[in-house]
Amino acid sequence: MKDDKNTINDLKDLVKKFCDQRDWKKFHNPKDLAIGISTEAAELLQIFRFKNEHESKEMLKDSRKREEVGEELADVLYFVLRFAQLYDFDLSDELKKSSGKTRKDTPLSLRRAQTQNTMSLEVVKNDGSFPDTSWEP
């Protein structure tokens, strides 16, 4: 299977067949599928824990680590697809709506400033002034 040869619906069908063969529908309620997404995403994150950007990229050159990352990505995707398949979410439509909402709901201009080995993010209001970022507990 290749990304450029399959649709999201093809993948949803694949996941549905896999689950139907195992009679797993009774275990796939919204809460448990959301927990599955979160758990698998945490397992993906664990691979990169305590690694800097360079180390993270270098890890992907190692075939065993790359395979491990691929397995976790597939596990996250499995739960996302299963949730969407069972509860009738059109992922293409949801992604389009979400990205459009993000563009509309982001009234602040974002500037990136590179400093030595770190990247800082400065938030600037539309009028060019900086927002009040003070915080008191």
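The numbers here are math on the coordinates, done by the rules we state, and not lab data. All of these numbers come straight from a predicted model, not from anything done at the bench. With ideal geometry, Cβ positions are generated from the backbone for all residues, glycine too; neighbour counts draw on all protein chains shown.
Would you please classify the overall shape of the range 1-56 from the alpha carbon gyration tensor, given that a ≥ b ≥ c denote the square roots of the eigenvalues, rounded means a/c under 1.5, and beyond that prolate means a/b larger than b/c while oblate covers the rest?
oblate
Treating only the Cβ of Lys, Arg, Asp and Glu as charged (+1, +1, -1, -1), what charge dipole size does the range 3-89 show about its Cα centre? Round to the nearest 20 debye.
Around 200 debye, computed over the range 3-89.
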